[in-house]
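For reference, the structure is listed below as structure tokens.
The values are calculated or read from the model by the stated rules, or taken from the named source; none is laboratory data. On a predicted model such as this, the values are computed, not experimentally measured, just so you know. All Cβ positions, even for glycine, are placed from backbone atoms using ideal geometry, and neighbour counts span all protein chains on display. Protein only, heavy atoms only, side chains kept; ligands, DNA and RNA dropped before computing areas. Shrake-Rupley method; radii C 1.70, N 1.55, O 1.52, S 1.80 Å.
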Amino acid sequence: MSKTIEILGININCINSKEALRKVNTLSGKEPLAIVEIITSEELLSLEESRELKAEMKTFDLVLAGDKGLLEAVSLAEERYLPLLLRQLQRNHSRVFVLANNEGECREFAEYLRKDYGIVSLAGAAVLSAEHRDDDLLVNAINGSDVDCVLSVLASPLQEDFIVNNKKSLNAKLWLGTGDAYQKMDREERGIGKLTAFIKQRIFKKKIGDSTPE
């Protein structure tokens, strides 16, 4: 079992990218649905008041650090989980269903998958929001698409709430919740929003306080 470090009530798995890939490959071949999340420091803060969700997240198969601030907090070098996992989906010709917060984000993420990872055709895609939510209808759409992986870029805590409430009903092999990890990774690489990112990281470090490992 991989080592975990608890940050603000959420257990973060401290493993490198290749170890994470091996574990996901093992989990994806078994039942029930494997639940993997790549979470950023901002999303972790957004879950701060969601005690029940955080308790449920302790049952997730993997929760991985999705930005530099959180990687630093759990004493890991810079790991790039998402690119490795997306490339594996492409190599396996996995059928993917995308969940996004709005139509624009859905199109943007589909283009990101096509351009950067060669995932050309999606088995399906849908928009989910806290205001317009029909879980039963969405679960039926996902199951009817016969998918291998549900790939979510939903905001927290909506993302976690959806999978916690519907994990027993989904027929997919893998839930990969990325939230805004892919956008944040791209922004970090291009140096976009450095000042905003710096301020948010200061807030995050202040919040975690003594929980940051030496």
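General observations
- Residue that is modelled with the highest pLDDT, among those in segment 26-50 that are small (Gly, Ala, Ser) and either open to solvent by 20 Å² or more (accessible area, probe 1.4 Å) or part of a loop (DSSP other than H, G, I, E, B) (or both): 50
- Residue check, residue 129 of a type in the set (Ser, Thr, Tyr), in contact (Cβ under 8 Å) with a residue 60 or more places away in the chain and open to solvent by less than 80 Å² (accessible area, probe 1.4 Å): no
- Options 23, 3, 68; residue that is exposed (fewer than 15 other Cβ atoms within 10 Å of the Cβ) and either of a type outside the set (D, E, K, R) or out of contact with any Gly (no Cβ under 8 Å at 6 or more places or on another chain) (or both): 3
- Scope segment 41-72; condition touching a residue at least 60 places away in the same chain (Cβ under 8 Å), touching a strand residue (DSSP E or B) at 6+ places or on another chain (Cβ under 8 Å) and under 20 Å from residue 183 (Cα atoms); matching residues: 44, 47, 66, 70
- Positions within segment 95-113 being over 14 Å from residue 155 (Cα atoms) and either of a type in the set (Ser, Thr, Tyr) or touching a Leu at 6+ places or on another chain (Cβ under 9 Å) (or both), in sequence order: 95, 96, 97, 110, 112, 113
- When segment 128-177 is filtered for residues that are part of a loop (DSSP other than H, G, I, E, B) and hydroxyl-bearing (Ser, Thr, Tyr), the ones remaining, listed by number, are 129, 145, 156, 169.
- Of the residues making up segment 96-114, those that are open to solvent by less than 40 Å² (accessible area, probe 1.4 Å) and outside any helix (DSSP H, G or I) are 96, 97, 98, 99, 100.
- Test set (1) open to solvent by 50 Å² or more (accessible area, probe 1.4 Å); (2) in contact with a strand residue (DSSP E or B) (Cβ under 8 Å, 6 or more places away or on another chain); (3) over 21 Å from residue 164 (Cα atoms) - residue 89 fails condition number: (1)
- Selection count, segment 132-164, where residues are touching a residue at least 60 places away in the same chain (Cβ under 8 Å), farther than 21 Å from residue 25 by Cα, open to solvent by 10 Å² or more (accessible area, probe 1.4 Å) and not β-branched (Val, Ile, Thr): 4
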